[in-house]
1. If I go through the stretch 126-176 residue by residue, how many of them are farther than 16 Å from residue 26 by Cα, within 13 Å of ligand 2 (Cβ to nearest atom) and exposed (fewer than 15 other Cβ atoms within 10 Å of the Cβ)?
2. How many residues, within the stretch 67-110, are within 16 Å of ligand 2 (Cβ to nearest atom), touching a Lys or Arg at 6+ places or on another chain (Cβ under 9 Å) and either among the aliphatic types (A, V, I, L, M) or farther than 19 Å from residue 155 by Cα (or both)?
3. Considering only the stretch 66-87, how many residues are surrounded by 23 or more Cβ atoms within 10 Å (Cβ to Cβ), under 19 Å from residue 263 (Cβ atoms) and either among the aliphatic types (A, V, I, L, M) or without any contact (Cβ under 8 Å) to a residue 12 or more places away in the chain (or both)?
4. Report, by residue number, each residue of the stretch 1-27 that is more than 16 Å from the chain's Cα centre (by Cα) and under 15 Å from residue 61 (Cβ atoms).
5. Among all residue pairs at least 6 apart or on different chains, which show Cβ distances below 7 Å where the first residue, located in the stretch 88-102, is over 16 Å from residue 60 (Cβ atoms) and the second is modelled with pLDDT under 95?
6. What helices (runs of 4 or more DSSP H) lie completely within the stretch 183-292 and have 1 or more residues being at pLDDT 95 or above and away from ligand 1 (no atom under 14 Å from the Cβ)?
7. Between a first residue in the stretch 262-284 that is of a type in the set (Gly, Ala, Ser) and a second residue that is at pLDDT below 90, which pairs have beta carbons less than 8 Å apart while being 6 or more apart in sequence or on different chains?
8. Surrounded by 22 or more Cβ atoms within 10 Å (Cβ to Cβ), away from ligand 1 (no atom under 15 Å from the Cβ), β-branched (Val, Ile, Thr) and outside any helix (DSSP H, G or I), is that true of residue 62?
Amino acid sequence: MNAPLIDPFHRPVSYLRVSVTDRCDFRCTYCMSENMTFLPKRDLLTLEELDAVSTAFIGMGVRKLRITGGEPLVRRGIMTYLKAMARHLDTGALHELTLTTNGSQLHRFSQELFALGMRRVNVSLDTLDEEKFARITRWGRLKQVMRGIEAAQEAGLRVKINTVALRGFNEGELFALLDWCARRDMDLTFIEVMPMGDMGEEDRLGQYWPLRDLRARLAERFTLIDLAESTGGPARYVRLSETGQKVGFITPMTHNFCESCNRVRLTCTGELYMCLGQEDRADLRPSLRDPAAPPLEEAIRNAIARKPKGHDFDYSRQQVAGQMPRHMSHTGG
Ligand code: SAM
Ligand code: SF4
């Protein structure tokens, strides 16, 4: 193995999130506008290029790979790439290969995912109500996602549910969601809505439901025990002492997790974002396509040397400061 990747603040980079497509079969209102213009296909990394970059990172100490998008399971040939990544699980170089998905294609792929060595998936689901689901995803159907979740569990995959906390939308479903997850032995994590991209007419400040409020509401019914475990990311966990259920909170706007940050993000076009909340990025595509460009490993090391200390989101002044002009579906959520 080559020397591990360590950033200027002595943080090892052990976790790579890879967006394999900017396309999606849903149009969630907080994520995309209804009429999205997607990137031309030639701009996307090919499956071979995705393999080359991921493999280079694994060679430099990345132990966890999360595949995301857009919707990763709508990328043509995605299984070819995932199978290629599974070879690193077989050698032990990679410890975990996982996926964040909207669940729409899990009924088709779960068996294969388990067979290639995947053990866990995150499924995004914001409501248990069919009509509300159709409204928030614009194009999604709840029944199909439910079938996908069942298929995943039947195949042996552990499912974690990610729910974006949306004021005036799923506030009333807090306990129903908890109960639904508990009955299916699934962990549940709430995500604070982030100011990403231009979401058209949707009012982001109106949708913003701070997780500290959600947490307070939980505490009215349960005793919350803070868990010390850290993923190196923005997730914090509690256990509900009455039921034993684990609940996560992702508050990307706070930067109290930056000091333990262990991750970087690769976009579907081969740009490496060293921090979710900063615009600085390194284009790795020349190293894949242009023989005159610096070799891939050098380009990656140069990028990691620029990884910033932290980011700068702030809703507190009642305007979306530090707002990112890019969509989450491009960078990968
Ligand atoms: N399509 C897949 C899915 O929905 O899980 C993977 C990509 S999606 C961009 C990854 C995660 O980002 C999802 O859990 C989604 O709910 C979340 N997300 C998208 N836009 C967001 C926003 N503006 N604020 C907070 N979370 C967001
Ligand atoms: Fe698609 Fe995921 Fe964005 Fe929803 S959150 S539009 S499912 S990429």
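1. Qualifying residue count, the stretch 126-176: 0.
2. Of the residues in that region, 10 qualify.
3. 1
4. Those that are more than 16 Å from the chain's Cα centre (by Cα) and under 15 Å from residue 61 (Cβ atoms): 1, 2, 3, 4, 5, 6, 7, 10, 11, 12, 13.
5. These pairs meet every condition: 100/333.
6. Per the criteria, 211-221, 285-289.
7. Partner pairs satisfying both residue conditions: 277/252; 277/255; 277/310; 277/311; 277/312; 277/313; 277/322; 277/324.
8. Taking the combined requirement at face value, the residue satisfies it.
The values are calculated or read from the model by the stated rules, or taken from the named source; none is laboratory data. This one's a predicted model, so the numbers in the text were calculated from it and none came from an experiment. Every residue, glycine among them, receives a Cβ derived from its backbone with ideal geometry; neighbour counts consider all protein chains shown.
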